[in-house]
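Report on one structure; see the data block that follows.
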Amino acid sequence: MPLGSTKLISCDSHFNEPGDLFTKRVPAKFKDTAPYMKSFPEGDAWMFDGLPEPRNFGWNACAGLPADKMTAWSKFSEMRAGGYDPAARVKEQDLDGVTGEVMYPTPSIQAALATHPDDEYHLAMVRAYNDFVSEYVAYDPSRFCGLVFLPNRGGVKAAVAELERVIGRPGMRGAMAACYANGTTVMTEEDDYVWAAVTEHKIPYNVHVALGLMAPRPHKAKLPGYGRFFDAPNRLIEFVFNGVFDRFPTLDVAFAEVDFGWVPYVKEQIDNNYQRLEKVSHFGLKRMPSEYIDDHFYFGYMTDSFGLSNLNFMNPERVMWSTDYPHISADYPYSWRTIQASMAGVPAPTKAAILHGTAERLYGFPTAAAEAKKPLDIAAE
């Protein structure tokens with residue numbers, strides 16, 4: 001679909017990282033153990049230090065292909081170039097009518113880096129990855145938003161140091177993590193050091209699907225992705241009842257690829273239990289739990305017709321559309337078709353916020369700043 005005057009920002013899109021990403025960027029001492037791509041008869045796959053099985057990526061690169069071509073294995077040379085070449089990606093965006101994307105890693109790479117047991121190795125690989133991301137998005141910061149991958153080994157100060165090293169680069173306008181900077185999936189007081197740094201830079205903290213420490217596995221699941229929101233409700237409770245937003249009232253937390261139709265139900269249940277238990281548990285919150293959820297959390301979705309029909313039960317300005325391109329869940333190059341079918345009846349201002357406005361504001365896309373500074377065209381009015 002031609003872009004015309006439309007805007008469409010994906011809050012969750014992905015790279016197909018090149019096979020030499022790490023070997024060309026890490027210190028010499030790690031080149032022999034850095035992740036690399038290896039060819040097999042059925043296709044190419046990533047090889048990770050300490051993990052014997054190759055990690056194939058066919059479903060991470062098959063958007064828009066005929067069904068019989070959507071296979072778990074593929075050759076890197078046969079994939080679309082936009083996964084690793086930003087110039088090619090802009091053309092792919094244009095074909096789908098997309099004007100901007102927030103970029104995430106391939107999940108297997110994220111998991112492999114997060115679970116490696118050696119601190120020095122982990123930090124070296126994370127730095128190499130962030131250098132790749134910042135090089136990519138700098139091609140056109142108006143079309144790409146990069147997220148600083150926060151390390152989870154070496155302590156919270158190492159995570160903040162990496163944030164400070166990268167966040168000022170063109171297009172780098174958010175932070176993401178596989179687990180908390182303390183190295184676990186349980187929040188502790190020391191994580192306040194990270195929340196302070198994130199709020200100081202006025203950027204969102206992003207979680208792709210879930211926090212977790214699980215080594216990457218080959219594509220074998222019968223129905224991957226059906227329960228991708230399972231972890232998110234627990235994180236809402238963790239942030240709220242740890243008092244994070246009372247200490248950091250401007251902190252924003254964005255969940256990618258968790259949908260949002262479940263949010264009204266969770267809000268109701270949390271508030272109900274809170275009201276029953278507050279008098280005996282003395283949680284110490286300054287507001288109702290649902291109010292924190294409406295004000296501080298953002299939810300990215302690809303397809304959620306139920307959620308779109310129930311927007312009045314939550315804050316609609318916390319919902320953001322995403323394509324998940326180039327993964328199997330994407331509707332590329334027909335994203336607008338799905339949008340128009342699923343958003344019939346959604347008021348125009350709400351639709352605009354979901355499709356681009358909220359992402360523009362949250363991730364600081366330059367187009368948002370340009371629109372704010374543009375003088376009013378009286379003649380046009």
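Worth pointing out:
- Filter result for Ser342 (without any contact (Cβ under 8 Å) to a residue 24 or more places away in the chain and over 22 Å from Arg361 (Cβ atoms)): no
- Residue list for the range 288-303, restricted to those being without any contact (Cβ under 8 Å) to a residue 40 or more places away in the chain and over 21 Å from the mean Cα position of the chain (by Cα): Met288, Ser290, Glu291
- All told, Ser5 falls short of being of a type in the set (Gly, Ala, Ser), under 24 Å from the mean Cα position of the chain (by Cα) and closer than 30 Å to Leu362 by Cβ.
- In the set (1) over 22 Å from Asp12 (Cβ atoms); (2) in contact with a strand residue (DSSP E or B) (Cβ under 6 Å, 6 or more places away or on another chain); (3) among the small types (Gly, Ala, Ser), the condition left unmet by Ala28 is number (2).
- Only residues that are assigned to a helix (DSSP H, G or I) and touching a residue at least 40 places away in the same chain (Cβ under 8 Å) were counted across the range 24-43, and they come to 1.
- One residue from Phe306, Phe283 being of a type in the set (Phe, Trp, Tyr), without any contact (Cβ under 8 Å) to a residue 60 or more places away in the chain and not in a helix (DSSP H, G or I): Phe283
- Test set (1) crowded, with 22+ Cβ neighbours inside 10 Å; (2) aromatic (Phe, Trp, Tyr); (3) more than 28 Å from Cys62 (Cα to Cα) - Phe255 fails condition number: (3)
- Residue-level check: of (1) part of a strand (DSSP E or B); (2) farther than 30 Å from Pro117 by Cβ, Trp46 misses just (2).
- Listing of helices (runs of 4 or more DSSP H) fully contained in the range 71-152 that carry 3 or more residues being surrounded by fewer than 19 Cβ atoms within 10 Å (Cβ to Cβ): 86-96, 119-137
- For the range 137-151, the count of residues that are touching a Phe, Trp or Tyr at 6+ places or on another chain (Cβ under 6 Å), of a type outside the set (D, E, K, R) and under 24 Å from Asn56 (Cβ atoms) is at least one.
- Candidate set from the range 309-358 (those that are among the aromatic types (Phe, Trp, Tyr) and within 13 Å of Gly64 (Cβ to Cβ)); member that is surrounded by the most Cβ atoms within 10 Å (Cβ to Cβ): Tyr325
- Pairs where the first residue, in the range 154-169, is at positive phi and the second is of a type outside the set (D, E, K, R) and at pLDDT 95 or above, C-beta under 8 Å, 6+ apart: Gly154/His122; Gly154/Leu123; Gly155/Ala181; Gly155/Asn182; Gly155/Gly183
- Residues in the range 227-264 that are part of a loop (DSSP other than H, G, I, E, B) and polar (S, T, N, Q): Asn242, Thr250.
- Residues satisfying the stated conditions in the range 309-350, i.e. among the hydrophobic types (A, V, I, L, M, F, W, C) and either over 30 Å from Pro249 (Cβ atoms) or part of a loop (DSSP other than H, G, I, E, B) (or both): Met314, Ile328, Ala330, Trp336, Ile339, Ala341, Met343, Ala344, Val346, Ala348
- Among the residues here, Arg55 does not qualify as of a type in the set (Lys, Arg), part of a helix (DSSP H, G or I) and on the phi < 0 side of the Ramachandran plot.
- Positions within the range 87-139 being more than 22 Å from Leu211 (Cα to Cα) and among the basic types (Lys, Arg), in sequence order: Arg89, Lys91
- Being of a type in the set (A, V, I, L, M), touching a Lys or Arg at 6+ places or on another chain (Cβ under 7 Å) and farther than 29 Å from Ile354 by Cα is a property that does not hold for Ala72.
The values are calculated or read from the model by the stated rules, or taken from the named source; none is laboratory data. It should be emphasised that the depicted structure is a prediction, and the values quoted were computed from it without experimental measurement. When we count neighbours, we look across all protein chains shown, and the Cβ atoms used for this are built from the backbone with ideal geometry, even at glycine.
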